[in-house]
Structure formats: structure tokens, C-alpha cells
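These notes concern the structure reproduced below.
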Amino acid sequence: MVFERKMLTYGDPEEEEEDAPEEEEEEEEEEDLVDPLETIRAKCEQTEHCVHLKERLEACEARVGSRSNTEEECTEELFDFLHARDHCVAHKLFHDVK
């Protein structure tokens, strides 16, 4: 949208200055918006089941990080944690959808 305005005005400085307050207002509105998915994910990560799986994931990452030569990866722990969190999110998110 801004690009089209600049193309139409051919870079006229007077018109660009008039558009500046509108752009700032749009940016402020975007900052106020909060993604409900992110807030629900944060809440779900606080549940007992997710906390336990996150601790297992962090323990695995610490174990793997402490070794210089290992083939171990924490893929299983990561998938377990993400699955539990997403399962929780799925139940809560769609209750908020209008």
C-alpha cells in the first residue's frame, strides 16, 4: 500500500509527510494485537504434564550438550513435549474461535 502511494506521488515530499502519521498509527495498532495461540501455548506449557515433559527435554539437551562426541539427539523428547502442548492448545483454542 505504501509502495503504491509512493509510486503515484513520484516521491513528492509534501505528500509523504502527510502519510507518516497514518503509518505510525498502524504500527501502534499492530503492537497492541496479541496472538491468542501464543498466550494459550504459554498457559499450556504451565500444565503439570507439559512441565514434566519440558523438564525431560531440558535434561536431554543438557546431557547432549555436555558431551563432545555423541550420536544422541533429543528428538523423541521434543516431539513428546510438542505433542502434549499442542494437544492442550487444540482443546482450548477452538473454544475461543467464533
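The values are calculated or read from the model by the stated rules, or taken from the named source; none is laboratory data. What you see is a predicted model, and the numbers here were worked out from it, not measured in a lab. We work out accessible area using only protein heavy atoms, side chains counted, and drop any ligands, DNA or RNA first. Shrake-Rupley method; radii C 1.70, N 1.55, O 1.52, S 1.80 Å.
Between residue 58 and residue 78, residue separation times 0.36 nm minus the direct Cα-Cα distance comes to 6.3 nm.
Stretching residue 69 away from residue 93 to a fully extended chain increases their span by 4.5 nm, per 0.36 nm per residue minus the current alpha-carbon distance. The heavy atoms of residue 32 present about 120 square angstrom of accessible area, all protein chains included, probe 1.4 Å. Backbone geometry of segment 80-87 corresponds, through the Karplus equation with coefficients 6.51, -1.76 and 1.60 at θ = phi - 60°, to 3J(HN,Hα) couplings of 4, 5, 5, 5, 5, 5, 5, 5 Hz, x marking Gly and Pro.
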